[in-house]
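In what follows, a structure is listed as structure tokens, so that the remarks can point back to it.
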Amino acid sequence: MELRHLEHFVAVAEEQHFTHAAERLRVAQSGVSASVRALERELGAELFLRTTRRVGLTDAGRALLVEARRTLACAAAAREAVAAVQGLMGGTLSVGTEQCMGTVDAAALLASFHALHPQVEVHMEQAGSGRLLEQVRRGELDVAFVVHDGFHEGVRLRRVAEEPLMLLCRADHPLAGLSGPVPLARLAGEVFVDLHPDWGARRAADLAFADAGVARKVALQVNDVYTLLDLVSRGLGAAVVPRPVTLKEQARGLSAVPLEGPTLWKVAVAVPAAGKPTAAARALLAMTDQGT
């Protein structure tokens, strides 16, 4: 039984799809299918119930999944132990981050890490915090810088920073230029531009309005901060954003208004709850702690 076969099996089990598993592993789908068939022949049991749209685990597959994850974790620990004895740091480091974190400069951090540890192959993915947290939980990412709203199963979160949410609007908006905090109730009826719900800034804003009992209308949803700023500047709506976004060059000329209440954007570094971080991940976390 090869570790590669187990890795492919776990990916299919988690993705519930052979094509998606192959994309995640960056291998050909035929290779993933061959691995699963090899395991099924070796074990003498079908591992998946296959349909045209998805695959699901059989009873035998569910039993194997528990042991496969344990075996892969033990293999990773063994490699880590040997590397530690040799005083070497190699392998890969997979990092996730949201766009425009403001409090974390992922590009600068990874550049510094690469300069110190050029033998480590670094991968980075940019996505919404919801997706990144799920990838951390499943072990697809070693570390992720995310916006969070509390506990997430299978993930350990360590606070990095907190920033207030602010209303961002055009200079001709009725609330533009106000210095005192504006109650969220005064924003009822506003038309908003916002990011898609998977992004941490959107989730923080939604939570703040829900806690205040205020409904809001998000008319335009986008997947990047710069498009959001452009839409606000063109008068298509106001936005509720973390304070670092209001300081961007593209926000010049817009008005940033403080909001009343516990409207916070919380940034954390996330690692899998299971197992011990790799040497590379620990080194990156140490640099984060030092503000490198």
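Of the options L49, H117, M287, report the single residue whose Cα projects farthest towards the positive end of the charge dipole of the chain (beta-carbon charges: Lys, Arg +1; Asp, Glu -1). It is L49. When the chain is described by a simple charge dipole with +1 on each Lys and Arg Cβ and -1 on each Asp and Glu Cβ, the residue from L254, A161, A28 located farthest towards its positive end is A28. Considering all C-alpha pairs of region 11-161, those separated by over 20 Å amount to 61%.
The ellipsoid that matches the Cα gyration tensor of region 179-242 has semi-axes, each √(5λ) in whole angstrom, of 18, 14, 11, with the longest given first. Considering only the Cα atoms of the chain, their convex hull presents on average a projected area of 18.0 nm². Membrane-span-like helices of the chain, defined as complete DSSP H segments with a Cα extent of 30 Å or more along the helix axis and a mean Kyte hydropathy of at least -1.0, are identified as 59-86. Let me check against my output: what whole-number percent is the relative contact order of region 208-281, with C-alpha pairs under 8 Å and at least 6 apart? RCO, region 208-281: 25 percent.
For A273, nonlocal amide neighbours, meaning residues 5 or more places apart or on other chains whose placed amide H falls under 5 Å from its own, are V155, R156. Of the trypsin sites (Lys or Arg not before Pro) found in region 224-286, the ones in coil according to DSSP and having at most 11 other Cβ atoms within 10 Å of their Cβ are R234, R252. Close amide-amide hydrogen proximity is noted between L259 and L167, V182, each under 5 Å apart and 5 or more residues distant or on a separate chain (H modeled in the peptide plane; Pro and chain starts excluded). A 1.4 Å probe run over the protein chains yields, for the chain, 51 Å² of accessible area per residue, whole-number rounding.
Seen from A239, the other residues with C-beta closer than 14 Å to its C-beta sum to a net charge of +2, counting Lys and Arg as +1 and Asp and Glu as -1. Counting Lys and Arg as +1 and Asp and Glu as -1 over every other residue whose Cβ lies under 15 Å from the Cβ of G213, the net charge comes to -1.
Placing a pseudo-label 7 Å from each Cα along the Cα-to-Cβ vector at R4 and R41 gives an inter-label distance of 1.5 nm.
At each listed q (0.16, 0.18, 0.20 Å⁻¹), what is the log10 of I(q)/I(0) that the Debye formula gives for region 136-292 modelled as equal alpha-carbon point scatterers? After summing over all Cα pairs, the log10 values are -0.90, -1.05, -1.20. One compactness figure for region 23-73 is 1.18, namely its Cα radius of gyration divided by 2.2 N^0.38 Å. Rounded to whole numbers, the Karplus 3J(HN,Hα) couplings from phi for region 168-178 are 10, 8, 6, 5, 8, 6, x, 9, 4, x, 5 Hz, using 6.51 cos²θ - 1.76 cosθ + 1.60 with θ = phi - 60°, and x at Gly and Pro.
Please sort 11-17, 176-182, 108-114 by packing, taking for each peptide the average over its residues of neighbouring beta carbons within 10 angstrom, highest first.
On the way: 11-17: 19.6, 176-182: 12.6, 108-114: 15.1.
Top to bottom by mean Cβ count within 10 Å: 11-17, 108-114, 176-182.
All other residues whose Cβ lies under 10 angstrom from that of R24 are scored, Lys and Arg at +1 and Asp and Glu at -1, for a net of -2. Straight Cα distances below 12 angstrom link K217 to the aspartates and glutamates E190, D194, D206, with same-chain residues fewer than 8 positions distant left out. How large a share of the accessible area of region 96-163, in percent, is made up of carbon and sulfur atoms when the probe is 1.4 Å and the other protein chains stay in place? It is 47 percent, rounded to a whole number. Charge dipole of the chain (Cα centre as origin; +1 on each Lys and Arg Cβ, -1 on each Asp and Glu Cβ, all else neutral): 140 debye, rounded to the nearest 20.
The values are calculated or read from the model by the stated rules, or taken from the named source; none is laboratory data. All values derive from a computational prediction rather than experimental measurement. Backbone-built Cβ (ideal geometry, glycine too); neighbour counts: all protein chains shown. Just so you know, the surface numbers come from the protein's heavy atoms only, side chains and all, with ligands and any DNA or RNA stripped out. Shrake-Rupley method; radii C 1.70, N 1.55, O 1.52, S 1.80 Å.
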